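K.L.:
Quick one: the structure is below, and I'll ask about it shortly.
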Amino acid sequence: MNYILGIESSCDETAAAVYDLSHRRIVAHHLYSQATEMHEQYGGVVPEIASRSHLEKIDTIIEYTLQQAKISLQEIDVIAVTNKPGLAGSLLVGLCFAKGMAWAQHKKFIGVNHLEGHIFSSFLNPDGSLNENITFPYLCLSVSGGHTSLYLVKDFGVYDELGSTIDDAAGEAFDKIAKLMGHGYPGGPLIEQLAREASFQDFYDYPRGKNKYTSYEFSFSGLKTAILYDMVKRNLYDLKTGINHTTLTREEQQKVASSMLVCINDIFHAKLKTAFNQFPETQGFTIVGGVACNKYLKAQLADYCAKRGKFFAAPPPAFCTDNGAMIAFVGSYKAERGEFDALSLDVFE
Ligand code: KG4
Ligand code: ZN
């Protein structure tokens, strides 16, 4: 057993990657993202459009990835594919394609949980090799546009969820506030840029939530509403007509964005502090998912980990957002343990 092909199609990215078991590295990865091109005009992912696009792109993406890896489909030993969670129609395209290939070419087959893919994505270095600094057990914050969860990670594939968001995900909160200020998707990078222009100062002291130290649950819906009403109070936003273009200057946007980012950073720190105290055996901390692209959050959290004598790791941006590499990687340790699935595996199973 040598090469694992990973396939990801749970949302709006059609992605593939090849993992080389003997050299322990990703040798090629490639994706097509529908995000800006197809869904922007609707303000979110349209499931029907997403699954049709996966159907159109998947064979080309896989073929190109194999070409980049300089191997043929015959040389692939295992096909690993995301089968949950995600949009049913999108998942089905990747899953059916993977099953078809596995059946026709007599390959071993593995279904991968997308969230597990994100958790272990921090092991991937930018060049596809593995990060040797990560040691178990450790804490992982998985934070994207769709999910925000804190995990205690004990081994490859072995992890407990300590808590997750009870309403919006953190990325979603960035996206919604950016939208409120008149900007498009994704909002996270713009909020970071605006916050940088304001030197990451806290101007408005937005609410952190009463239970920031006492619970592992996250809640960002209240923060979003608090920011909205604060903007209304400052005459930056009119609930009936929308943005007040005369008062929502770049400077005001910088202040809102900076205060918001500092607030979310504060919430992450509080949860991490509580978890490090409750689980002193943890060796370090990783942040994964789209929001892990945020350089300010990474620098702040890395600093805190260093102070506590813990390691810090985050995947490179290409492996923060949805990708095939993390699926191939999860496939690799499952394959080594002989954890294969039957071709009857369905989505969400
Ligand atoms: O992982 P991902 O593609 O989302 C899901 O699959 O759910 O991540 C996208 C999310 C968006 O909410 C986006 O605003 C956020 O990640 N994001 C950021 C940054 N870059 C992307 N959030 C904060 N700062 C960033 N630099
Ligand atoms: Zn994802």
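The values are calculated or read from the model by the stated rules, or taken from the named source; none is laboratory data. Nothing here was measured: the structure is a model prediction, and the numbers come from that model. Neighbour counts run over all protein chains shown; Cβ positions are idealised from the backbone, glycine included. The protein model used for the area step is the full one, side chains on, heavy atoms only, and it has no ligands, DNA or RNA in it. Shrake-Rupley method; radii C 1.70, N 1.55, O 1.52, S 1.80 Å.
K.L.:
Being over 16 Å from Asn294 (Cβ atoms) and either at pLDDT 95 or above or among the charged types (D, E, K, R) (or both) is the filter here; which residues of segment 182-201 pass it?
P.N.:
Gln201
K.L.:
Quick one: is Val27 more than 16 Å from ligand 1 (Cβ to nearest atom), surrounded by fewer than 21 Cβ atoms within 10 Å (Cβ to Cβ) and either in a strand (DSSP E or B) or at pLDDT 95 or above (or both)?
P.N.:
yes
K.L.:
Give Ile79, Ile71 a once-over and let me know the one that is open to solvent by less than 10 Å² (accessible area, probe 1.4 Å) and over 20 Å from Ser33 (Cβ atoms).
P.N.:
On the way: Ile71 fails: open to solvent by less than 10 Å² (accessible area, probe 1.4 Å).
From the options Ile79, Ile71, the qualifying one is Ile79.
K.L.:
Determine if segment 247-267 includes at least one residue that is farther than 30 Å from Ser129 by Cα, at pLDDT below 95 and surrounded by fewer than 16 Cβ atoms within 10 Å (Cβ to Cβ).
P.N.:
yes
K.L.:
When you go through Ala292, Ala302, Ala313, Ala270 one by one, which is the residue that is more than 14 Å from ligand 1 (Cβ to nearest atom), surrounded by 20 or more Cβ atoms within 10 Å (Cβ to Cβ) and on the phi < 0 side of the Ramachandran plot?
P.N.:
Ala313
K.L.:
What is the one condition in (1) in contact with a strand residue (DSSP E or B) (Cβ under 6 Å, 6 or more places away or on another chain); (2) over 21 Å from Gly163 (Cβ atoms) that Glu251 does not satisfy?
P.N.:
For Glu251, the failing item is (1).
K.L.:
Filter segment 86-113 down to the residues that are in contact with a helix residue (DSSP H, G or I) (Cβ under 8 Å, 6 or more places away or on another chain), in a helix (DSSP H, G or I) and open to solvent by less than 30 Å² (accessible area, probe 1.4 Å) and list them by number.
P.N.:
Those that are in contact with a helix residue (DSSP H, G or I) (Cβ under 8 Å, 6 or more places away or on another chain), in a helix (DSSP H, G or I) and open to solvent by less than 30 Å² (accessible area, probe 1.4 Å): Ser90, Val93, Gly94, Met101.
K.L.:
Looking only at segment 143-184, count how many residues are within 13 Å of ligand 2 (Cβ to nearest atom) and not hydrophobic (A, V, I, L, M, F, W, C).
P.N.:
Number of matching residues: 8.
K.L.:
Name the helices (runs of 4 or more DSSP H) wholly within segment 124-233 that hold at least 2 residues that are of a type outside the set (S, T, N, Q), away from ligand 1 (no atom under 16 Å from the Cβ) and surrounded by 17 or more Cβ atoms within 10 Å (Cβ to Cβ)? Can you show your working first?
P.N.:
On the way: elements: 170-180, 188-197, 221-233.
Counting at least 2 such residues, we get 221-233.
K.L.:
With the requirement that a residue be open to solvent by less than 10 Å² (accessible area, probe 1.4 Å) and within 20 Å of Ala88 (Cα to Cα), what does segment 327-349 give you?
P.N.:
Of everything in segment 327-349, just one residue is open to solvent by less than 10 Å² (accessible area, probe 1.4 Å) and within 20 Å of Ala88 (Cα to Cα), namely Ile327.
K.L.:
In a loop (DSSP other than H, G, I, E, B) and closer than 20 Å to Thr165 by Cα: is that true of Asp266 in this structure?
P.N.:
Numbers: in a loop (DSSP other than H, G, I, E, B): no; closer than 20 Å to Thr165 by Cα: yes.
For Asp266, the condition - in a loop (DSSP other than H, G, I, E, B) and closer than 20 Å to Thr165 by Cα - is not met.
K.L.:
When only residues in segment 276-289 that are within 21 Å of the chain's Cα centre (by Cα) and away from ligand 1 (no atom under 16 Å from the Cβ) count, which is nearest to His118 (Cα to Cα)?
P.N.:
Going residue by residue through segment 276-289, those that are within 21 Å of the chain's Cα centre (by Cα) are 284-289.
Checking the rest, the ones that are also away from ligand 1 (no atom under 16 Å from the Cβ) come to 284-285.
Numbers: Gly284: 17, Phe285: 14 Å.
By that ranking, first place goes to Phe285.
K.L.:
Before we move on, is Ala292 at pLDDT 95 or above, assigned to a helix (DSSP H, G or I), farther than 21 Å from Ala173 by Cβ and of a type in the set (Gly, Ala, Ser)? Full working, then the answer.
P.N.:
Details: at pLDDT 95 or above: yes; assigned to a helix (DSSP H, G or I): yes; farther than 21 Å from Ala173 by Cβ: no; of a type in the set (Gly, Ala, Ser): yes.
Spelling it out, it is not the case that Ala292 is at pLDDT 95 or above, assigned to a helix (DSSP H, G or I), farther than 21 Å from Ala173 by Cβ and of a type in the set (Gly, Ala, Ser).
K.L.:
Kindly check whether there is at least one residue in segment 196-204 that is out of contact with any Leu (no Cβ under 9 Å at 6 or more places or on another chain) and within 16 Å of ligand 2 (Cβ to nearest atom).
P.N.:
Among the residues of segment 196-204, not one is out of contact with any Leu (no Cβ under 9 Å at 6 or more places or on another chain) and within 16 Å of ligand 2 (Cβ to nearest atom), which makes the answer no.
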